[in-house]
Amino acid sequence: MPEADDEFIDLRSDTVTTPSEAMREAAATAEVGDDVYRDDPTVNELERRAADAVGTEAALYVPSGTMANQIAVHVHTEPGQELLLERESHIYRWELAGAAKLSGAQTRTIDAGERCVPTPDAVREGIVGEDLHRPGTGLLALENTHNYRGGTAIPVEAIAAAAEAARDADVPVHLDGARVFNAAVALGVDASELVAPVDTVSFCLSKGLGAPVGSIVAGDESFVEEARRVRKLFGGGMRQAGLIAAPGLLALENVERLADDHANAERLAAGLDALDGVDAPAPDTNIVVAHTDDAGIAASDLVAACEDAGVGCVEFDEYTTRFTTHLDVGRDDVDAAVERVRDVIRELA
Ligand SMILES: *Cc1c(COP(=O)(O)O)cnc(C)c1O
């Protein structure tokens, strides 16, 4: 057995958490049925509780956050319509052009600057009216927290202002809220307040909340009814899914403790920022973004050397690396990770 302090500290993502004993127990003993027939009581309960957690009428359990977003795009848009989103958004950057391939949507991007919150003016400018030459905008998608910008927590007013600009033009709004509970905890508001200005929301149970599998897409009854058909179309109709939904119910109890991940991330950023040639701004939530242009260290080299030194992280850009805190890393792990990265930076610089 390796010493505890020799163990690999995995900060690649908050998706790497493994289910707790309680989650394994809940999975083993879950009451189940065929969820395509809506017979699974555990899934039904999870969908009710998830809707309550974000303040929507209804919710649907789906295999992943990507599917949740893609279902929303499919329900809201007609093929050929435009999907308006921010240029660093997850839906645009990391979902394999799913909007084009699965829904025939044309994407139009907004450059929303440092914090990636589109202003109402930028939204108005990006919306295309339907006429002889133009297809019309079918959906505006926003993101909170913003992954690529380092888990930035977007305040209610900013979401509401962007959403209002779209809705004034009769364009519905979807919020990619993969980490919306991180935003809520960081801002000290209820998640339902962040969701109230938009029509639909997706969030991941399998990230900071610690479930092994699954995400939610939520909105009003009629949206969720249609989303259920699209989930089937995309191959996401699951049968005795209560086995994986049961840990999801426990995950919903992990919202408040996200504050611990945020405190750990702040500590990590301060530790990394103090290293020569590393710029790691204080994070809003659990994602630390470290820039190493000043040290002239490429992210790919940093990631490889960190892995050898026992720290997992991921490349975001040529000189930008992401470190993410989560349920399975404590304060001591953070301190040990900073020590290891210090040695790596000394060697590479
Ligand atoms: C992780 C993530 C997703 C996708 O979730 P998966 O479950 O990995 O498919 C979508 N949006 C954002 C902002 C994310 O961070």
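The values are calculated or read from the model by the stated rules, or taken from the named source; none is laboratory data. Note that the structure is predicted; figures quoted are calculated from it, not measured. Here the Cβ positions follow ideal geometry from the backbone for every residue, glycine too, while neighbour counts run over all protein chains shown. For accessibility, only protein heavy atoms count, side chains too; no ligands or nucleic acids. Shrake-Rupley method; radii C 1.70, N 1.55, O 1.52, S 1.80 Å.
Quick notes on this structure:
- Each label was represented as a point 7 Å from its Cα along the Cα-to-Cβ direction; for ARG93 and LYS232 these points are 3.6 nm apart.
- Most simply put, the chain has about 50% antiparallel DSSP beta bridges, counting only bridges with both residues inside it.
- In the elastic network of the chain, a GNM with C-alpha springs shorter than 10 Å, the most mobile of PRO155, PRO63, PRO135 is PRO135.
- The distance from the alpha carbon centre of region 95-160 to that of region 167-194 is 14 Å, rounded to a whole number.
- Euclidean distance between Cα centres, region 69-93 to region 1-59, Å: 27
- Placing a label point 7 Å from the Cα of ASP294 along the Cα-to-Cβ direction, no residue of region 120-160 has its backbone N under 11 Å from that point.
- Highest-fluctuation residue, PHE316, PHE181, PHE203 considered, GNM on the chain with Cα pairs under 10 Å: PHE316
- Sites ASP308 and SER222, calculated FRET efficiency, Cβ-Cβ separation with R0 41 Å, nearest 0.05: 0.20
- With every protein chain in place, the chain: carbon and sulfur % of accessible area (1.4 Å): 46
- Cα-based helix-to-principal-axis angle, 41-54 vs the chain, degrees rounded to 10: 80
- At R0 = 25 Å, FRET efficiency that the Cβ-Cβ distance of LEU132 and ALA100 yields, to 0.05: 0.60
- Surface analysis of the chain yields an accessible area of 43 Å² per residue, using protein heavy atoms and a 1.4 Å probe.
- Accessible surface of GLU318, taken over heavy atoms with a 1.4 Å probe and every protein chain present, rounds to 120 Å².
- Over the chain, relative contact order from alpha-carbon pairs under 8 Å, at least 6 apart, %: 23
- Only protein heavy atoms count here; on that basis, with a 1.4 Å probe, ASP335 has an accessible area of about 60 Å².
- Separation between Cα centres of region 260-289 and region 297-314, rounded to whole Å: 16
- Heavy-atom accessible surface of HIS74, to the nearest 10 Å², is about 50 Å², with a 1.4 Å probe and all protein chains retained.
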